[in-house]
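Report on the structure given below.
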Amino acid sequence: MQLNLSRYSMGFLELFPPDRVELRGSGTLLKVGTTYGILTAGHVWQVVRELNVVGIYLYPPRNTEMHSIWEEVSLLDAVTFENRDEDEYGPDIAFVRLRRDKAASIELHGTFLSFERDEQRIRAGAPEGSKVVDVVVGGVEAMGQKINIRHDRRLIVQRSLANVGRAKTIDDGRDGFDRLELIPEPDPDFETPHSYGGMSGGGCFRVYFPESHGGEIEAINFHLLGVAFYETVVAGKADRIICHGRRSLTDKLLPAVRAKWPAEA
């Protein structure tokens, strides 16, 4: 199954010089009009905004590829809806605006998803002869990191997960923010992690594949469904992933983004 949502995905890293980092959350590279930023969870931004400098982890297409992107947190700004109760009802969603030159640096290695083009894909509907798979994408702290050495440099590869399942609508959370739940449906030989910590803020995508196929399957199309922000736990192990849905984006977050940066809307 060929699906490269990693080019739109990122991770927030806390930096511990000289050579240690820790994952603090995930996000989706998103462009709203001409405003470039990162779509994530509100509680992830709460952590990031307390740092002096944050690493922006972009998933390398090749194990030997190296790049290092970081930003001073004082140069970031955000629209955020935060949940003081830290529960599954939210709201818990944020958009972190990036400077244009920082966005240009990121575009050398990743891709910003255009919200307007994504809306067009949704209006076009499901491609004929396709089947649907839903996926939440992000880093997972419990899956650890891998260290690659190239010459005298260390490349830290943060392990991530494309969590496949089917997202279904559940009751709205607080203040009319809609919600989805994704129940993962892993391959039989894959052991899911005990926690999805670090995946908060990751994008939930709906992906369309051919109904009939031969050999390797390549996605026909996809669009963004929402943002992961909470995991439920059963018998001490992660179970469902709770996300804010598309209505939270279109009716709540994006109007606030356009109002804050109207010249870029």
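Quick look at the numbers
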item	result
Any pair with Cβ under 7 angstrom, 6 or more apart, that starts in the stretch 4-18 at a residue that is under 14 Å from L161 (Cβ atoms) and ends at one that is at pLDDT 95 or above and not in a strand (DSSP E or B)	S9/G202
Qualifying residue in the stretch 38-46 (condition: open to solvent by less than 50 Å² (accessible area, probe 1.4 Å), over 18 Å from V137 (Cβ atoms) and part of a helix (DSSP H, G or I))	yes
Set S114, S160: member being among the hydroxyl-bearing types (S, T, Y), within 18 Å of the chain's Cα centre (by Cα) and at pLDDT below 90	S160
Counted residues, the stretch 216-245 - those being among the basic types (K, R) and touching a strand residue (DSSP E or B) at 6+ places or on another chain (Cβ under 6 Å)	1
Odd one out for Y208, checked against (1) of a type in the set (S, T, Y); (2) surrounded by 16 or more Cβ atoms within 10 Å (Cβ to Cβ); (3) at pLDDT 95 or above; (4) farther than 24 Å from I56 by Cβ	(3)
Every residue from the stretch 6-27 that is open to solvent by less than 40 Å² (accessible area, probe 1.4 Å) and touching a helix residue (DSSP H, G or I) at 6+ places or on another chain (Cβ under 6 Å)	F12, L23, G25
Contacts under 9 angstrom Cβ, first residue in the stretch 220-239 being more than 30 Å from G129 (Cβ to Cβ) and free of Cβ contacts under 8 Å to residues at least 60 places away in the same chain, partner aliphatic (A, V, I, L, M) and open to solvent by 50 Å² or more (accessible area, probe 1.4 Å), 6 or more apart	A238/A142; D239/I183; D239/V233
Residues of the stretch 166-197 classified as open to solvent by less than 70 Å² (accessible area, probe 1.4 Å) and on the phi > 0 side of the Ramachandran plot, total	1
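The values are calculated or read from the model by the stated rules, or taken from the named source; none is laboratory data. Here the structure is a predicted model, which is why all the values come from computation and not from measurement. Here the Cβ is made from the backbone with ideal geometry for all residues, glycine too, and neighbour counts use every protein chain on show. Side chains are part of the model used for accessible areas, which takes the heavy atoms of the whole protein and leaves out ligands, DNA and RNA. Shrake-Rupley method; radii C 1.70, N 1.55, O 1.52, S 1.80 Å.
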